[in-house]
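What follows is a short report on a single structure.
Derivation of every value follows stated rules applied to the coordinates shown; laboratory data play no part. Keep in mind it's a predicted model, so treat the numbers as computed, not measured. A quick note on method: Cβ atoms are made from the backbone with ideal geometry, for glycine too, and the neighbour counts reach across all protein chains shown.
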């Protein structure tokens with residue numbers, strides 16, 4: 001062991017001690033070093049490049065709803081592993097790991113609360129939970145969110161972030177597309193608005209069901225939104241994809257969404273639009 | 001090796017080859033016994049092979065090059081059929097065939113996915129992979145069916161919705177989502193049949209129905225076995241394992257309550273006796289339509305809605 005190696009571990013550990021973990025982070029888009037506290041105040045949007053970072057469901061709901069909106073809906077609904085699915089790992093173990101890592105029981109979190117005093121139900125996807133994929137539990141939680149809206153006469157706002165249907169529940173997952181889409185008919189019958197907020201990324205079976213069935217489609221800037229993943233499209237057509245393909249700005253241009261709204265303005269904009277379309 | 005037979009069908013192919021050779025002999029009387037013996041042997045062998053098919057072998061049967069496609073059925077299944085074209089907005093998607101038909105005298109709106117057999121046909125029908133305008137054409141026809149109070153019959157046979165640039169630009173997601181939304185409350189009976197391959201959202205967009213039927217050796221899945229294998233095992237050749245895991249065969253799906261009826265196939269699969277398969281399909285559809293046509297709109301929609309809300313296995 002050289003003299004350098006001998007002293008190296010002490011140096012690194014000393015450096016680590018001086019910087020508490022989680023205080024600083026790096027923007028995945030522009031590599032800028034960011035102070036966590038400031039980032040939080042900026043809604044996890046990079047102050048230097050405006051990149052909208054992926055955020056967890058709890059942060060999303062806390063920043064969107066009024067303070068103290070803590071009533072969770074369908075919080076006990078969890079998956080059952082109906083197929084006893086096993087690849088390199090058991091699906092059950094993957095679920096336990098995801099639950100531990102995210103501190104959530106499933107890939108969508110629903111809360112009943114207020115938005116600037118207005119009663120609303122808001123749902124947010126937890127992308128780190130199995131890629132925000134939709135299986136039985138996500139479908140059921142979404143339907144219960146709709147039912148809650150029906151019982152209290154409130155609009156539904158859903159922030160989607162998902163890779164699509166959850167493979168490990170096979171065709172049962174696919175059927176959640178029908179189930180969630182059907183439920184939205186009931187909301188519509190009662191003239192209750194459904195606002196779909198598409199965040200990075202919203203793909204596959206989630207995009208091809210309730211996420212594209214909003215009265216209003218609002219996307220965050222530069223979010224990836226589409227049916228097939230860009231790599232699959234590229235491999236199929238064997239040509240270069242157009243610039244900005246499947247990004248929010250591309251979808252706005254093609255007529256798939258109503259508007260792109262900066263995360264800092266989502267609360268104001270959605271509240272404003274709801275006051276116009278809902279009866280007081 | 002006979003390319004019209006799959007690997008596990010090769011022993012049957014050999015026997016069938018011998019039978020074919022005997023058929024060409026002029027004096028049939030001399031060989032009648034030998035012929036019958038061979039036929040019995042072939043049947044027994046087929047029964048044996050088909051009694052223990054793996055889920056992967058069934059997946060291959062579902063995509064068998066000689067399996068009947070939508071257009072092959074129309075003449076026998078329906079009394080008459082007039083094709084209707086286009087989504088009235090962008091174009092006419094050839095991956096989805098639709099039109100007005102009659103079955104045992106009953107009017108129906110027919111909509112089905114068409115894969116195509118020859119290379120030319122495959123290209124023409126885009127291998128049965130619809131674009132948004134295909135789903136929108138289907139929805140247009142379903143709405144017309146609702147207006148004139150005629151039931152809808154759909155055939156599902158697709159690897160999936162087309163993952164192309166134009167398809168994404170024109171809103172593939174929205175087109176599929178809209179069909180799920182509208183079909184779940186369409187005020188007329190809907191009968192869907194998975195005749196071959198039910199590939200994910202691209203299949204479901206024609207299969208939200210009062211009765212979902214599957215031919216015995218069809219498959220219906222959230223993702224293809226190859227796609228699943230390449231994601232979970234990083235190896236598309238593990239498709240056989242993925243097929244088992246996905247539970248994509250008709251008995252499994254019936255057990256989970258995701259489909260309603262399994263339509264039995266002729267011995268050795270549809271391609272071994274196409275005429276029999278067509279007739280079975282015809283009577284299966286007629287049977288369901290007769291039941292559904294007796295229901296009021298309220299009864300129909302209540303039952304359909306309850307069924308859809310029942311999908312899922314969870315604890316709470």
Whole-Å semi-axes of region A:183-243's equivalent ellipsoid (Cα gyration tensor): 29, 13, 7
For chain A, diffusion coefficient by Stokes-Einstein and Kirkwood Rh (Cα), 37 °C, 0.692 mPa s, µm²/s: 163 µm²/s
Helix B:132-147 axis, angle to chain B major axis (alpha carbon atoms, nearest 10°): 70 degrees
Global size of chain B as Cα Rg and Dmax, reported in angstrom: 20.6, 73
Nearest-ten-degree value, helix B:10-23 long axis tilted from longest Cα axis of chain B: 60 degrees
Span per principal axis, largest first, for the Cα atoms of region B:249-316 (Å): 46, 33, 10
Distance in nm between pseudo-label sites at residue A:32 and residue B:84 (7 Å out along the Cβ direction from Cα): 5.6 nm
Inter-label distance for residue B:44 and residue B:22, nm, one decimal - labels placed 7 Å from Cα along Cα-to-Cβ: 1.3 nm
Top of A:101, A:228, A:208 by mean-square fluctuation, Gaussian network on chain A, Cα under 10 Å: A:101
Taking chain A and dividing mean pair separation by its residue count, relative contact order in percent (alpha carbons under 8 Å, at least six apart): 13 percent
Equivalent ellipsoid dimensions for the protein assembly as shown as semi-axes, Å, which come from the Cα gyration tensor, largest first: 47, 30, 21
Computed label-point distance, nm, for sites residue A:93 and residue A:240 using a 7 Å Cα→Cβ extension: 4.4 nm
Size-normalised alpha-carbon gyration radius of region A:89-195, reference 2.2 N^0.38 Å: 1.10
Peptide B:217-225, shielding by other chains (average Cβ, 10 Å cutoff): 4
Whole-number percent relative contact order across region A:97-143, with pairs defined as alpha carbons under 8 Å at least 6 apart: 40 percent
Rel. contact order, % - alpha carbon contacts under 8 angstrom, at least six apart, chain B: 16 percent
Cα convex hull of region B:195-316 - mean projected area over all directions, nm²: 9.5 nm²
A:44, A:182 arranged by Cβ crowding within 10 Å, fewest neighbours leading: A:44, A:182
Relative packing of peptides A:125-132, B:223-230 - highest average C-beta neighbours within 10 Å first: A:125-132, B:223-230
Inter-part distance where region B:76-119 and region B:165-224 are each reduced to a Cα centre, Å: 15 Å
